[in-house]
Each structure stands twice: as C-alpha cells, then as structure tokens.
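First the structure, in the form of structure tokens, and then the observations on it.
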Amino acid sequence: WLDLASLIPKEVQALFPTIRSWLPKDATLTPADIAAAKAMGATLSVADENTIYIPVENQRPAGTALIFPAVFQGKTFFLLMTTDKQLKISKVQVMNTQNLPAAKTSKAYARLVGVAAQSVPAATGADIDAAITQAVKNAGALLYLRLKGA
C-alpha cells in the first residue's frame with residue numbers, strides 16, 4: 001500500500017508506459033496564483049486545486065499529466081492532459097462521456113496539441129469546443145503557475 005505508483009491513475013500510467021517512478025505534486029492555489037491566472041486569461045479558484053502527476057525518468061521529470069473537469073451545458077466531464085518536459089501539450093483526451101457523449105468527437109483536442117500550457121488561446125463561442133478549450137486553458141495555467149512559479 002506504500003507503493004507510490006498505486007496512487008497514480010491507471011489512465012495516466014497508460015500514457016507513460018515506460019515510466020516506473022512518479023512524483024505526484026499537489027497544486028494548491030494562493031490568491032496571487034489566482035490573480036496571475038486571470039492575467040493569463042484563465043479563470044481559477046481554490047476549487048481548481050488538483051494533483052499534477054509527474055513521470056520521472058533517470059531522476060528527471062519526463063512530462064506532466066493532469067485530470068481536470070470541463071463543464072458544458074451544466075454537465076461535467078473529465079479531461080486528461082499530458083505535456084512534455086517543456087510543458088507543451090502532447091495529448092488531451094476525454095476520460096468519460098456518460099454525461100456528454102458529444103465530448104468524444106470534439107475537434108478541440110487535436111488543435112491543442114503542441115501548444116505551450118501557458119499559451120492556450122482564449123476560448124471563443126459557446127459550443128463544446130469552447131468549453132474544452134477553456135478547461136484546458138485553466139489547466140494549463142495551473143500547471144504553469146505550480147511548476148514554473150510564475
């Protein structure tokens with residue numbers, strides 16, 4: 001029960017199949033972090049505090065993973081985002097679609113790959129792609145603020 005890997009969600013481990021060591025990091029937010037996120041165009045609150053999963057390879061971070069909620073039309077679904085060592089988004093995928101099957105087919109996922117976590121463009125519109133983009137923007141700001149100390 002003391003095995004750290006048992007604390008890492010299986011979905012996260014599957015995206016880093018060669019990794020055997022993990023560093024889970026609590027992402028708590030201060031009022032200064034929330035203000036900095038707002039300046040980045042993200043909307044964060046204490047409710048957005050989360051755990052960042054950091055895969056470790058050769059005693060160095062090999063990227064990050066974060067599971068976070070997105071809301072569209074009052075329905076919540078969860079996304080899983082991974083980044084490389086430089087915090088560029090490598091993947092965004094939906095984790096469940098029971099509440100919102102349309103989340104499976106969003107074109108926003110592919111558009112976000114390769115974008116720096118702190119530079120996700122502002123969401124435009126009121127469709128599901130905009131809800132996903134805003135959720136990823138918020139998650140990217142959280143990653144950047146907690147890991148880069150902006």
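The values are calculated or read from the model by the stated rules, or taken from the named source; none is laboratory data. Note that this is a predicted model, so its numbers are computed, not measured. Methodologically, a virtual Cβ is constructed for each residue, glycine included, from the backbone with ideal geometry; neighbour enumeration extends over all protein chains shown. Note: areas computed on protein heavy atoms with side chains; ligands, DNA, RNA excluded. Shrake-Rupley method; radii C 1.70, N 1.55, O 1.52, S 1.80 Å.
A few comments on the model shown:
- Residue selected from the stretch 41-68 under the condition more than 15 Å from the chain's Cα centre (by Cα) and in a strand (DSSP E or B), by the criterion farthest from residue 94 (Cα to Cα): 60
- Of everything in the stretch 63-75 that is in contact (Cβ under 8 Å) with a residue 24 or more places away in the chain and surrounded by fewer than 16 Cβ atoms within 10 Å (Cβ to Cβ), the residue that is farthest from residue 21 (Cα to Cα) is 73.
- Filter pass, residue 76 being over 15 Å from residue 12 (Cα atoms) and part of a strand (DSSP E or B): yes
- Scanning the stretch 111-131 for residues that are in a helix (DSSP H, G or I), over 11 Å from the mean Cα position of the chain (by Cα) and of a type in the set (A, V, I, L, M, F, W, C) gives 112, 128, 130, 131.
- For beta carbons closer than 7 Å, sequence separation of 6+ or different chains, a first residue in the stretch 100-113 that is among the aromatic types (Phe, Trp, Tyr) and a second that is open to solvent by less than 80 Å² (accessible area, probe 1.4 Å), the qualifying pairs are 109/92; 109/93.
- Residue satisfying all of: in the stretch 41-53; open to solvent by less than 50 Å² (accessible area, probe 1.4 Å) and of a type outside the set (S, T, N, Q); modelled with the lowest pLDDT among these: 41
- If only residues of the stretch 1-40 that are assigned to a loop (DSSP other than H, G, I, E, B) and of a type in the set (A, V, I, L, M) are counted, the one that is modelled with the lowest pLDDT is 2.
- Test: residue 97 is outside any strand (DSSP E or B), open to solvent by 50 Å² or more (accessible area, probe 1.4 Å) and out of contact with any Ser or Thr (no Cβ under 7 Å at 6 or more places or on another chain): no
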